[in-house]
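Here is the structure we will look at.
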Amino acid sequence: MSKQVLTQQVRLAKELVASAEVVASVASRTMPKQIEHWAKIGRVMEENRDLTYEFVLEAMLAKSEIDNGEFVKYERRKTRNRGTS
């Protein structure tokens, strides 16, 4: 599934861009991807005010792992192994 990308100029505060450049270099992202990342977190947080930042971040990480096939499917056992005592 490919994402559609819209190319559009947006005016941003110098401080936001400077901060995004610093954080992006640490997180191995480009500056635009860092701002996109912050925007996604902000959108989820506004739509789900009862969730913690840590929960939102973990949920986004889990979704990314699933999208990239980096997970092992859990298979529930059909029968229980009961020990004899």
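Every number in this text was worked out from the coordinates using simple rules, so none of it is lab data. Keep in mind it's a predicted model, so treat the numbers as computed, not measured. So basically every Cβ, Gly included, is an ideal-geometry build from the backbone, and we count neighbours across all protein chains shown.
Key figures
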read-out: Binned Cα-Cα distance frequencies in the chain - 5 Å width, integer %; value: 3, 10, 13, 18, 18, 13, 7, 4, 4, 4, 3, 2, 1, 1, 0
read-out: In the range 55-85, the trypsin sites (Lys or Arg not before Pro) that fall in loop regions by DSSP, at most 16 other Cβ within 10 Å; value: 73, 76, 77, 78, 80, 82
read-out: Gained length - residue 11 relative to residue 77, 0.36 nm times residue gap less alpha-carbon distance; value: 18.3 nm
read-out: Qualifying trypsin sites (Lys or Arg not before Pro) for the range 1-40 [loop in DSSP, other Cβ within 10 Å: at most 16]; value: 3, 11, 29
read-out: Cβ-based charge dipole, the chain, positive-most Cα from 10, 55, 41; value: 55
read-out: Folded to 0 to 90 degrees: helix 14-27 orientation relative to the chain principal axis, Cα; value: 40 degrees
read-out: Low-density loop positions, chymotrypsin sites (Phe, Trp or Tyr not before Pro), the range 10-78 - DSSP coil, at most 12 other Cβ in 10 Å; value: 71, 74
read-out: Within straight-line cross-link reach of residue 14, lysines at Cα separation under 30 Å, skipping those fewer than 8 residues along the same chain; value: 3, 33, 40
read-out: Helix 53-67 vs. the chain, principal-axis angle (Cα, 0 to 90°, nearest 10); value: 80 degrees
read-out: Listed residues 22, 44, 72, most fluctuating in the chain (Gaussian network, C-alpha, under 10 Å); value: 72
read-out: The chain: angle of helix 31-47 to the longest principal axis, Cα-based, in degrees nearest 10; value: 60 degrees
